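Readers should treat all values here as calculations from the given coordinates under stated rules, not as data from a laboratory. Predicted, not measured: the structure shown is a model, and the values here were computed from it. All Cβ positions, even for glycine, are placed from backbone atoms using ideal geometry, and neighbour counts span all protein chains on display.
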């Protein structure tokens, strides 16, 4: 199957990035948001982002205009009726995702592939909510989508091999590098990354070293681009806590349980960069 028209559900941080890279790669993209105001904001952010690339000399004006011409937004899920591929990029809420996939199944054409950008929810449950479980899989992009090269292609035990092949080829057409994984909570990257981040919090909780020294140790000792606390603040402490709780619920392994300090920081609203305060304090 040839993918020409792409739908994206959600135009937040991840959704807008997927819209952008798909449009720049030459695909017609229609995104869905909850209402007209959010559609307007999404289009405005995309325009601003692409114009910023032009200002930095990373994109020419002609390519910017061509990409923007391929992007449209709508508040109606029903408008995705002509899409060959739909990528869901909503909040990590399993019941909501299941419900959305059941609706998509009734809207999208019979040949369409339905994908989720989830990093922690059960893809098999989403597939089971449809009458086309063989055409459902995970396509997990990383933040920020335009810069990060990796996409985890997650197949369920129901996914057709041809669908995996088509989706993988589409990922390559975006200029990304796909890796194959099975549908298992947190896939590859988060299965390895989240315990590392949680262990860093436990080290800090125990008084072994300061935030700054732990971050410096991992940057200079392991060559990581940023330390665990800088990364936690960037990802969001609430997001990390949620993923850890899902992993603990799935596997019941103590190393996946979020440490008390992390949970209390989320309760206090210290969510990281987006809140102005996490392990570090940020000013606009």
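Counting every other Cβ atom within 10 Å of each residue's Cβ, 103, 56 order from fewest to most as 56, 103. If you run the Gaussian network model on the chain, springs between alpha carbon atoms under 10 Å, then out of 101, 248, 187 the most flexible one is 248. The Kirkwood hydrodynamic radius of the range 109-235, based on inverse pair distances between different Cα atoms, is 16.3 Å.
Computed extension length for residue 184-residue 172: 2.0 nm, one decimal, from 0.36 nm per residue of separation with the Cα-Cα distance subtracted. Max-minus-min Cα coordinates of the range 149-198 on each principal axis give 37, 27, 8 Å, with the largest extent listed first. Distance between the pseudo-spin-label points of residue 202 and residue 250 (7 Å out from Cα toward the beta carbon): 1.9 nm. As a calculated quantity, the FRET efficiency between residue 257 and residue 34 at R0 = 35 Å, using C-beta atoms, amounts to about 0.60. Taken over the range 5-182, the convex hull of the Cα atoms encloses 96 Å³ per residue.
Every Cα-Cα pair of the range 36-102 was included, and the share exceeding 16 Å stands at 61 percent.
For each of 270, 111, 140, count neighbouring Cβ atoms within 10 Å of the residue's Cβ, then give the residues from fewest to most.
Final ranking by Cβ density, sparse to dense: 111, 270, 140.
One equal scatterer on each Cα of the range 191-275, no solvent, Debye formula: the resulting log10 I(q)/I(0) at q = 0.20 Å⁻¹ is -0.91.
Each distinct pair of alpha carbons in the range 121-175 adds a 1/r term; the inverse of their mean, the Kirkwood radius, is 11.8 Å. Taking the average, over residues, of other Cβ atoms within 10 Å as the packing measure, peptides 19-27, 32-40 rank 19-27, 32-40 from highest down.
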